[in-house]
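K.L.:
My questions will all concern the structure given below.
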Amino acid sequence: DRERTFVMVKPDGVQRGLIGEVVGRLEDRGLKMVGGKFMQIDQDLAEDHYGEHEGKPFFEGLVDFITSGPVFAMVWEGQDAIRQVRRMMGETDPAESAPGTIRGDFGLDLGRNVIHGSDHEDEGSNEREIGLFFDEDELVDWEQAD
Ligand code: CMP
């Protein structure tokens, strides 16, 4: 199915100048960007976004990290987009990610893993995250040439 998925270059990825690399890979794959926002996440948004991890030992560090500098939040659309983006990102732990994936090519650290993409096992997390970061009128409906 044609799907929309939430993707974000995290503060480490922005610091390292990897926005273009990430956007380029998703464009090359044939996915279509329908929303993009360079922004600073505040404490409230961070706690909402990562609410499912509240209570875990790494939660506080995760919130500190994601609010430590700007991120580039995006919405991408395409065939089976949620799962395809997950496959292109690699595993949560970059050390377990195959070369050729974004995390497998650019990271080794579990916390600083360059990119976030919505979980495709957890239906609803994707729509929820898109809604947290974007108003409907910030998403652009456009036709991609073949
Ligand atoms: P992400 O896909 O953004 O979703 C939750 C994040 O928590 C995950 O990427 C990791 O960066 C981070 N994370 C998951 N497990 C741990 C852990 N054990 N220690 C530190 N960070 C973690």
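K.L.:
I'm trying to understand the selection: among the residues of the range 68-99, which are under 21 Å from Gly35 (Cβ atoms) and β-branched (Val, Ile, Thr)?
P.N.:
The answer is Val71, Val75, Ile82, Val85.
K.L.:
Considering only the range 44-82, state which residues are over 23 Å from Asp135 (Cα atoms) and part of a helix (DSSP H, G or I).
P.N.:
Matches in the range 44-82: His53, Phe59, Glu60, Gly61, Leu62, Asp64, Phe65.
K.L.:
Kindly provide the set of residues from the range 121-140 that are more than 22 Å from Val63 (Cα to Cα) and either outside any loop (DSSP other than H, G, I, E, B) or modelled with pLDDT under 95 (or both), ordered by number.
P.N.:
Glu121, Glu123, Glu136, Asp137, Glu138
K.L.:
Moving on. Against the conditions (1) within 12 Å of the ligand (Cβ to nearest atom); (2) of a type in the set (Ser, Thr, Tyr); (3) surrounded by 15 or more Cβ atoms within 10 Å (Cβ to Cβ), where does Thr92 fall short? Just the number, please.
P.N.:
So the condition that Thr92 fails would be (3).
K.L.:
All but one of (1) part of a helix (DSSP H, G or I); (2) within 12 Å of the ligand (Cβ to nearest atom) hold for Arg25; which doesn't?
P.N.:
The failed condition is (2).
K.L.:
I've got another one for you. Mind checking whether some residue in the range 99-108 is in contact with a helix residue (DSSP H, G or I) (Cβ under 9 Å, 6 or more places away or on another chain), more than 9 Å from the ligand (Cβ to nearest atom), modelled with pLDDT under 95 and of a type in the set (A, V, I, L, M)?
P.N.:
Checked against the condition, which is being in contact with a helix residue (DSSP H, G or I) (Cβ under 9 Å, 6 or more places away or on another chain), more than 9 Å from the ligand (Cβ to nearest atom), modelled with pLDDT under 95 and of a type in the set (A, V, I, L, M), the range 99-108 yields at least one hit.
The values are calculated or read from the model by the stated rules, or taken from the named source; none is laboratory data. Here the structure is a predicted model, which is why all the values come from computation and not from measurement. Please note: Cβ atoms are built from the backbone with ideal geometry, for glycine as well, and neighbour counts cover all protein chains shown.
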